[in-house]
Amino acid sequence: MKKRFGRLLLNWYDQNARRLPWRGSADPYAVWVSEVMLQQTRVETVTPYYLRWMERFPDIASLAAASDQEVLGMWEGLGYYARARNLWRAARRLVESGEGKLPADALDLEKLPGIGRYMAGAIASIAFGAHEPALDGNVKRVLARVFDLELPIDRPEGLKYLWSLAAELLPAGRAGDHNQALMDLGALICLARNPKCDECPLQAICQARRHDTRALRPVRSPRRAIPHITVVAALIWKDGLVLIARRPPHGLLGGMWEFPGGKQQTDESLTAALEREILEELDARIEVGIELGVYRHAYTHMRVTLHAFHCRLTGAAPRPLEASALAWVKPGELVNYPMGHIDRSIANDLVKAAAIDCA
């Protein structure tokens, strides 16, 4: 069955491989950038970002020479910003070490920031022709169904089995094509919901299809409920300028700019929460004015509802107690500062409001 698996898969891939801007490139850097961007992000979303990125940072040296703010600005909108920070840090490390290029060995690749076992296998096999498996979400789903795996794919025992199976299935000399074929099959045919089994090249050997367990595969551990938090943000004005703060370089949205504020505590009003947060974060006192709007966003680990208020200072100038930097900015200049989804939405509303005021 395993030999037939590879033959059927590659025959299908040779006829149906997706045409993607990073496919067929002999440049390991291009493969690396695409794999980083494709983590937890759809191809349709990644493509325009990839093209812009490669135009601005065509090689490791140009990426390493850029500032982290420019890198985050180019990445803005793709989310999971640690990916961009790690990509930049890895490029700088490669340049500083004197190598200036990616290593071909998967174990050496894993030593770089942001490169784990999956990405190391993908880069090594696709860019360097190494005989390495690559196990992403699409591949896990395909293998769990074809081999009707009862083990949870997000538990150590399930992952250990899948990595072993993925390595066994690799064909000699075509590991990169094999890995990409599995990715394409999961993205196009073996979908999480409503898989197109009648179009699948592996339908004749798919054990989940034979046992009618397709809807039950892959098995995952029960998910915890995603918490919801309420957040407040202050639009602090001075002489037509609004205050923004840069987050610390590590953690969620590290290095990005935001409108200062924080989480509302239990039994605390929105106004009280904002006054407390600004005092703790900026050592400043404010008078909270009218609400600009309510903004919502879902992260992988939490859902956020943010209330943004116009505010004015009532005491001393703010100090960056928790932020890495502060800046007073005209609304029209906010586009020059990389921001997360919610803060960019606020910034866009401020720009629109400024345009109306000027009309």
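Out of (1) among the acidic types (D, E); (2) assigned to a helix (DSSP H, G or I); (3) in contact with a Gly (Cβ under 7 Å, 6 or more places away or on another chain), the odd one out for E132 is which?
For E132, the failing item is (2).
Assess whether L165 counts as being over 13 Å from L9 (Cβ atoms), surrounded by fewer than 20 Cβ atoms within 10 Å (Cβ to Cβ) and touching a Leu at 6+ places or on another chain (Cβ under 8 Å).
Criteria met by L165.
Give the residue that is most open to solvent (accessible area, probe 1.4 Å), with candidates limited to residues of region 32-55 that are among the polar types (S, T, N, Q) and closer than 17 Å to D136 by Cα.
Among residues in region 32-55 that are among the polar types (S, T, N, Q) and closer than 17 Å to D136 by Cα, the one most open to solvent (accessible area, probe 1.4 Å) is Q40.
Given the condition modelled with pLDDT of 95 or more, of a type in the set (F, W, Y), open to solvent by less than 50 Å² (accessible area, probe 1.4 Å) and more than 30 Å from R4 (Cβ to Cβ), answer yes or no: does some residue in region 236-257 qualify?
yes
Among the residues of region 69-88, how many are under 23 Å from L109 (Cα atoms) and open to solvent by 50 Å² or more (accessible area, probe 1.4 Å)?
Result for region 69-88: 1.
Yes or no: region 21-31 includes at least one residue that is open to solvent by 70 Å² or more (accessible area, probe 1.4 Å), more than 12 Å from the chain's Cα centre (by Cα), within 23 Å of G255 (Cβ to Cβ) and without any contact (Cβ under 8 Å) to a residue 40 or more places away in the chain.
First, pick out the residues of region 21-31 that are open to solvent by 70 Å² or more (accessible area, probe 1.4 Å): 24, 26.
From the residues that got through so far, the ones that are more than 12 Å from the chain's Cα centre (by Cα) too are 24, 26.
Still in the list and also within 23 Å of G255 (Cβ to Cβ): none.
For region 21-31, residues open to solvent by 70 Å² or more (accessible area, probe 1.4 Å), more than 12 Å from the chain's Cα centre (by Cα), within 23 Å of G255 (Cβ to Cβ) and without any contact (Cβ under 8 Å) to a residue 40 or more places away in the chain: absent.
Name the pairs whose Cβ atoms lie under 8 Å apart, with the first residue in region 76-102 and closer than 15 Å to A66 by Cβ, the second open to solvent by 40 Å² or more (accessible area, probe 1.4 Å) and hydroxyl-bearing (S, T, Y), and 6 or more positions between them or separate chains?
Listed pairs, sorted by first residue: none to list.
How about region 317-339: which of its residues are farther than 14 Å from V242 by Cα, open to solvent by less than 70 Å² (accessible area, probe 1.4 Å) and in a loop (DSSP other than H, G, I, E, B)?
Within region 317-339, P320, A323, S324, P338 meet the criteria.
Just checking, which of H307, H297 is over 18 Å from E76 (Cβ atoms) and part of a strand (DSSP E or B)?
Exactly one residue qualifies, and that residue is H307.
With surrounded by 18 or more Cβ atoms within 10 Å (Cβ to Cβ) and either farther than 30 Å from V71 by Cβ or in contact (Cβ under 8 Å) with a residue 12 or more places away in the chain (or both) as the only criterion, which of I278, I290, I205 stands out? Please lay out each step first, then the result.
Working: I290 fails: surrounded by 18 or more Cβ atoms within 10 Å (Cβ to Cβ); I205 fails: surrounded by 18 or more Cβ atoms within 10 Å (Cβ to Cβ).
Result: I278 is the single residue among I278, I290, I205 that is surrounded by 18 or more Cβ atoms within 10 Å (Cβ to Cβ) and either farther than 30 Å from V71 by Cβ or in contact (Cβ under 8 Å) with a residue 12 or more places away in the chain (or both).
The values are calculated or read from the model by the stated rules, or taken from the named source; none is laboratory data. As the structure is a prediction and not an experimental result, all values here were calculated from the model. No Cβ is skipped: glycine too gets one built from the backbone with ideal geometry, and neighbour counts run over all protein chains shown. In case anyone asks, the SASA skips ligands and DNA or RNA and just uses the protein heavy atoms, side chains included. Shrake-Rupley method; radii C 1.70, N 1.55, O 1.52, S 1.80 Å.
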